[in-house]
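One structure is given here, and the rest of the page talks about it.
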Amino acid sequence: MITWALGDFIGWLTIHKRLRERSAKLKVNTITSFIATCDNGTRTLVVKLASLISFIFLAVYAAAQLKVSSKALHSILGWDYSIGIIVAGTIVAVYCFSGGIRASIWTDVVQTILMCSAMILLLVVALDHCGGLVNMFQSLEQIDPKLMQLIPESLQGHFWIFFISLLVNGYGVIGQPHVMVRPMAIDDSKSMHKARNLYFFCYLIFGFAALGVGLASRILVPEMANLDSELTLPNLAIKLLPSILVGLILAGVFSAAISTADSQIISCSASITQDLVPKWKNSYMGSKLATLLITILAVLMALYSSQSVFDLVLVAWAVLAASIGPLMFLRCFDMEVGTKTSIAMMILGALAVIVWRYVLGLDEQVHEVLPGVIAATVTYIFSRSLSFYKN
């Protein structure tokens, strides 16, 4: 988690302010338009492909959020998974309709407070039941000494490659349209450092609290290790807390999922109306129809996908990071990338992620974002070399 956060932090230092200033200069409103636009105009094929990739994998990402909402409702209230998915999708659609990105940003503020409060509460109670932090670590070592190894045995000999892949994963935030639209929308690039400090304050509090809860759950609900581990948090809450506080945990889980899902659905909608179907660009009904269609698609994906929430998130994150991230980096540093090179970088970056994960099965040794980014970067270097020799 520390490595991932470090990669994210480097992204804030190198990209976010440049993105705000450069996108304002180019007068673009979406990430896909930004990577396809230069001083000489917009490359239509690039913006279409980038929008299509964003559309597909943001929808997959949003489907994962609906699935986690349904799992929380199933564990705590006993609802059928499909009902939870439909309820979560309906909630997202309602307030995306109500106010677009402004609604998304303001509800994220409230949801962040809920998420952090719920996770801190559960951590404090869980640590109390474990007898404190020291006793928790001692108990974990008794359960399995590997739980307390800083570097797992499976990574001996290539830990630094794994470390770098996690760092690149964190830096892959620059390829996430639903995240990067926030620095594009900030009032002034001079406010970026304030936004960064607030972001990491909440990020690290929630992240370390979640990590602590996960470790405590190995002691307090050991049976979950052999069941669906994604149901652990609500089951731990039911075991340790009175009903009213279990409700707070449910609200926290819902907040975490829906604050992400609504951002992704709005970004998908923007890709359609601004880039894929530009005739809807200034159409109120067009934007609302796009939002509704994407929500329905995410609900259907969540209903019929057999993959876990974590798998869906990792794949969507990795493809977006490898296909859009390298182009985002180059455009923020005002480097020109031709149409053919841009298309090749996006396709090969996405393909490398999919092959690395599903064909070679090496994602547990080295996270798939790294080979994806390498594939896209090598493509750019090769293209520049060809241009150099031609000249």
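Given a Förster radius of 25 Å and the C-beta distance between M148 and L362 as r, what FRET efficiency does 1/(1 + (r/R0)^6) yield to the nearest 0.05?
Details: r = 26 Å, r/R0 = 1.04.
Approximately 0.45, to the nearest 0.05.
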Which FRET efficiency, nearest 0.05, do Q156 and Y284 yield, Cβ-Cβ r, R0 51 Å? 0.30
What percentages make up the Cα-Cα pair-distance distribution of region 322-365 when the bins are 10 Å wide from 0? 28, 42, 22, 8
Solvent-accessible surface (1.4 angstrom probe) belonging to T3, in square angstrom, nearest 10: 20
Tensor-based shape of region 277-353 (alpha-carbon gyration tensor, a/c under 1.5 rounded, otherwise prolate or oblate): oblate
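When a/c is below 1.5 the answer is rounded, else prolate if a/b is larger than b/c, else oblate, so apply that to region 82-184 with a ≥ b ≥ c taken from the square roots of the Cα gyration tensor eigenvalues.
Details: a/c = 2.66, a/b = 1.50, b/c = 1.78.
It is oblate, given that a/c is not under 1.5 and a/b is not larger than b/c.
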Expressed to one decimal in nm², the mean projection of the alpha carbon convex hull of region 35-141 is 11.7
Out of every Cα-Cα pair in region 172-251, what percent are more than 15 Å apart? 70
For region 334-367 and region 54-124, compute the distance between their C-alpha centroids and round to whole Å. 29
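What part of the accessible area of region 341-391, given as a whole %, is carbon or sulfur when the probe is 1.4 angstrom?
Working: 2080 of 2970 Å².
The value for region 341-391 is 70 percent carbon and sulfur by accessible area.
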Would you please state the base-10 log of I(q)/I(0) at q = 0.11, 0.13 1/Å for the chain, with intensities from the Debye formula using one equal scatterer on every alpha carbon? -0.83, -1.15
Using DSSP H assignments, which helices in the chain have an axial alpha-carbon span of 30 Å or above and a mean Kyte-Doolittle hydropathy of 0.0 or higher? 44-77, 81-130, 192-220, 243-270, 284-304, 309-332, 369-390
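Projected area of region 233-391, taken from the Cα convex hull and averaged over every viewing direction, in nm²?
Working: hull surface 56.5 nm².
Orientation-averaged projected area of the Cα hull: 14.1 nm².
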Per the rule of 0.36 nm per residue minus the C-alpha distance, extending V87 to S191 adds in nm 33.8 nm
Which FRET efficiency value, to the nearest 0.05, do you get for F310 and I381 by plugging their Cβ-Cβ distance into 1/(1 + (r/R0)^6) with R0 = 51 Å? 0.95
Accessible surface, the chain, averaged per residue in Å² (probe 1.4 Å): 48
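For region 215-258, rounded, prolate or oblate, judged on the Cα gyration tensor with a ≥ b ≥ c (square roots of eigenvalues), a/c < 1.5 rounded, else prolate if a/b > b/c?
Values: a/c = 2.62, a/b = 1.44, b/c = 1.82.
Oblate.
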Return the carbon/sulfur percentage of the accessible area of region 66-195, one whole number, probe 1.4 Å, all protein chains in place. 68
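Per DSSP H run of at least 4 residues, take -39500 (n - 2.57); add these up for the chain, divide by its residues and hand me the 222 nm value, nearest 500 deg cm²/dmol. Show your work: numbers first, answer last.
Numbers: 15 runs with 292 residues, N = 391.
Roughly -25500 deg cm²/dmol at 222 nm, from the helical runs in the chain.
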Taking N as the number of residues in region 116-236, the ratio of its alpha carbon radius of gyration to 2.2 N^0.38 Å works out to 1.33
Could you give me the radius of gyration and the Dmax of region 225-285, taking only the C-alpha atoms into account and expressing both in angstrom? 18.8, 54
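Taking a temperature of 25 °C and a viscosity of 0.890 mPa s, what whole-number D in µm²/s does Stokes-Einstein yield for region 1-52 with Rh from Kirkwood over alpha carbon pairs?
199
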Rg over Rh, two decimals, region 191-305 (C-alpha only, Kirkwood Rh): 1.11
Expected field for W79, accessible surface area in Å² at 1.4 Å probe radius, rounded to 10, holds 100
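The values are calculated or read from the model by the stated rules, or taken from the named source; none is laboratory data. Being a predicted model, the structure only gives us computed values, none of them experimental. Please note: Cβ atoms are built from the backbone with ideal geometry, for glycine as well, and neighbour counts cover all protein chains shown. Please note that ligands, DNA and RNA were not included when accessible areas were found on the heavy atoms of the full protein model with its side chains. Shrake-Rupley method; radii C 1.70, N 1.55, O 1.52, S 1.80 Å.
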